[in-house]
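The values are calculated or read from the model by the stated rules, or taken from the named source; none is laboratory data. On a predicted model such as this, the values are computed, not experimentally measured, just so you know. Counting neighbours? That spans all protein chains shown, and the Cβs are built from the backbone with ideal geometry, glycine included.
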Amino acid sequence: MNIKTIDKKEKGEAEIVVEANAEEFEAAVAKAFLKNRNRMSVPGFRKGKAPRRIIERMYGASIFHPDALEILYPDVLEIVEEELEHKIVGTPKLTDVDIKEDNEGAEISVSVTLYPEFTLGEYKGLSAVKQETEVPESAIDAEIAEGRLRNARIEKVERPAIEGDIAVFDFEGFIDGEPFDGGQADNYELELGSNSFIEGFEEKMLGMTPGEERELDLQFPEQYAEPLAGKPVLFKVKLHELKEKQLPDLDDEFAKDVSEFDTLKEYKESIRARLEKTKQEDSDSSFENALMDQLAESLEADIPDVMIDKQQELTTKNFLRQLSMYGIDLEKYLQMTSMTPAMFKESMRLKSEHQVKITLALEKIAELEGIEVSDDDLEEEYNETAERYGMELDKLKEALKEKDFILEVKLRRATKIVVDNAIAGKPDSGAGDPESGDETAAGAKKAADKPKKAPAKKAAAKKPTEKTGPESEE
């Protein structure tokens, strides 16, 4: 068989005609006859014993053609893929068949999507901001403070409530003198100052002593759920118990209790080393991502939809899996980000198109730089990957297609060429919030955990409950 014509169309689409000669087509028909003869009844012959010419005379000359084409088709796909090498996207689709008279061969037409032709801008000498990696003392102090809080003892106290106390209390809410659904709870536990309830609730509990009762005049935020949004509300509160967190002393004993180190100094240095490593990794990652963005922007290509569709499926699947690791499903994510399903789908498509451009650019760089992966290189990469993910080498090889893994290695090496030849700029003093614009699954988790500010507090209550009451709307 051989390719007769290649007719290129828009968006990378092409129609390819593969020609099978008379001998090749006849061989396929003969195989189709052997496959089907035991199922065909011919008067005067036992099943499977009728000659082919008799069956064709009785049922028609084309009786074995469908199965013959099915037999030929894998060879058609193979010759198309070999002829065009790695320039095909997706799987070719059968579009037409023209069988010549007297089985003198066939022309089989398939529709394929070709890799796009594109131009790539400069990839060496790019510049991007490289974030500082120095760790301030305040960050180390904050880590230690969190450790002390986690290891604090909880003790009952008999004194006026202050911020940070854990209050155990009953409450009941009234609107226009009438209680409302979800506005009541008994023995509710709340850390004062956690901003878990609507604005003013926790502040007005400060100074209460165990056994005291108070009435709190408040108002639900305008952004609260209907029918409570914006309405004035009176909460009757009775405080039963106050508990405070007693922090452990900051000394060597504390370091021994919370770490594998014997001294507070060693513990602090371990925190510094870990934070420095994290900041370095974040800085390197941000620098690399900025360079990859520039590569994508410099690429001029008419990318076939099928390439973006395939990447979008993978991008969405990976994103939802990451969300699930943080206990967030798609519905919750859409609620948190105020996105509609259509907006989410469009955001995934834009990310996918961007990623396709980066991949195309890196593949081109690998080609231009003559990047090759030897057998020894490949084995080394397999071993490093298996160790990084804690997998057995044989199982890793089974899970990864060698061709795909080789491409991944080439892309990594192409990325390194771009990064190694880039210019690192210093960050501006007016850099924005490092958490802003984070559209990753981890960013969604940060958004879920980060308390929202007035006028409408939306942080979840520390203690799970089905009561709506004075809690901030989630």
- prompt: Name the pairs: first residue in the stretch 21-36 and not assigned by TED's automatic domain parsing to the domain that holds Ile54, second residue loosely packed, with under 15 Cβ neighbours inside 10 Å and part of a helix (DSSP H, G or I), Cβ to Cβ under 7 Å, at least 6 apart or on different chains?
  reply: none
- prompt: Which condition does Phe261 not pass, out of (1) in contact with a helix residue (DSSP H, G or I) (Cβ under 8 Å, 6 or more places away or on another chain); (2) outside any helix (DSSP H, G or I); (3) under 27 Å from Ser194 (Cβ atoms), if it passes all the others?
  reply: (3)
The stretch 101-119, residues that are out of contact with any Asp or Glu (no Cβ under 8 Å at 6 or more places or on another chain) and surrounded by 13 or more Cβ atoms within 10 Å (Cβ to Cβ): Tyr115
query: Going by the structure shown, is Ile154 touching a residue at least 12 places away in the same chain (Cβ under 8 Å), exposed (fewer than 14 other Cβ atoms within 10 Å of the Cβ) and assigned to a loop (DSSP other than H, G, I, E, B)?
result: no
- request: Among the numbered conditions (1) in contact with a strand residue (DSSP E or B) (Cβ under 9 Å, 6 or more places away or on another chain); (2) more than 24 Å from Thr315 (Cα to Cα), tell me where Lys357 comes up short.
  value: (2)
- prompt: In the stretch 83-100, which residue that is part of a strand (DSSP E or B), without any contact (Cβ under 8 Å) to a residue 60 or more places away in the chain and touching a helix residue (DSSP H, G or I) at 6+ places or on another chain (Cβ under 9 Å) is surrounded by the most Cβ atoms within 10 Å (Cβ to Cβ)?
  reply: Ile88
message: Kindly evaluate Val29 against the criterion of being within 27 Å of Leu84 (Cα to Cα), among the β-branched types (Val, Ile, Thr) and touching a helix residue (DSSP H, G or I) at 6+ places or on another chain (Cβ under 6 Å).
response: no
field: Which listed residue, of Glu15, Glu122, is acidic (Asp, Glu) and touching a strand residue (DSSP E or B) at 6+ places or on another chain (Cβ under 7 Å)
entry: Glu15
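Residues are listed down the side, and each one gets a yes or a no for (1) on the phi > 0 side of the Ramachandran plot; (2) part of a loop (DSSP other than H, G, I, E, B):
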site: Val29; (1), (2): no, no
site: Gly44; (1), (2): yes, yes
site: Lys49; (1), (2): no, yes
site: Ile54; (1), (2): no, no
site: Ser62; (1), (2): no, yes
site: Pro66; (1), (2): no, no
site: Ser111; (1), (2): no, no
site: Pro116; (1), (2): no, yes
site: Ala128; (1), (2): no, no
- prompt: Listed residues Met343, Met307, Met339; which is part of a helix (DSSP H, G or I), more than 29 Å from Glu143 (Cβ to Cβ), among the hydrophobic types (A, V, I, L, M, F, W, C) and free of Cβ contacts under 8 Å to residues at least 40 places away in the same chain?
  reply: Met343
field: Test: Leu330 is buried (at least 16 other Cβ atoms within 10 Å of the Cβ) and in contact with a Pro (Cβ under 9 Å, 6 or more places away or on another chain)
entry: no
- request: Might you check whether a residue that is within 20 Å of Glu408 (Cα to Cα) and of a type in the set (Lys, Arg) occurs anywhere in the stretch 313-328?
  value: yes
message: Which count do you get for residues in the stretch 161-215 that are of a type outside the set (S, T, N, Q) and either in a loop (DSSP other than H, G, I, E, B) or free of Cβ contacts under 8 Å to residues at least 60 places away in the same chain (or both)?
response: 30
message: Filter the stretch 66-103 down to the residues that are more than 24 Å from Pro304 (Cα to Cα), modelled with pLDDT of 85 or more and acidic (Asp, Glu) and list them by number.
response: Asp67, Glu70, Asp75, Asp98
- request: Might you let me know whether the stretch 387-406 holds any residue that is more than 24 Å from Tyr123 (Cβ to Cβ), in contact (Cβ under 8 Å) with a residue 12 or more places away in the chain and of a type in the set (Asp, Glu)?
  value: yes
task: Tally the residues that are free of Cβ contacts under 8 Å to residues at least 12 places away in the same chain and surrounded by 14 or more Cβ atoms within 10 Å (Cβ to Cβ), restricting the search to the stretch 234-262.
output: 3
- prompt: Only one residue in Ser324, Ser286 is in contact (Cβ under 8 Å) with a residue 60 or more places away in the chain, among the hydroxyl-bearing types (Ser, Thr, Tyr) and on the phi < 0 side of the Ramachandran plot. Which one?
  reply: Ser286
- prompt: Which fully enclosed helices (runs of 4 or more DSSP H) of the stretch 369-474 have 1 or more residues being at pLDDT below 65 and buried (at least 16 other Cβ atoms within 10 Å of the Cβ)?
  reply: 441-449
- request: Quickly run through the stretch 16-59 and pick out the residues that are within 30 Å of Lys93 (Cα to Cα) and of a type in the set (Val, Ile, Thr).
  value: Ile16, Val17, Val18, Val29
message: All but one of (1) outside any helix (DSSP H, G or I); (2) of a type in the set (S, T, N, Q); (3) over 30 Å from Pro304 (Cβ atoms) hold for Asn36; state the number of the condition that does not hold.
response: (1)
Residues satisfying the stated conditions in the stretch 1-20, i.e. in a loop (DSSP other than H, G, I, E, B) and over 17 Å from Pro74 (Cβ atoms): Lys9
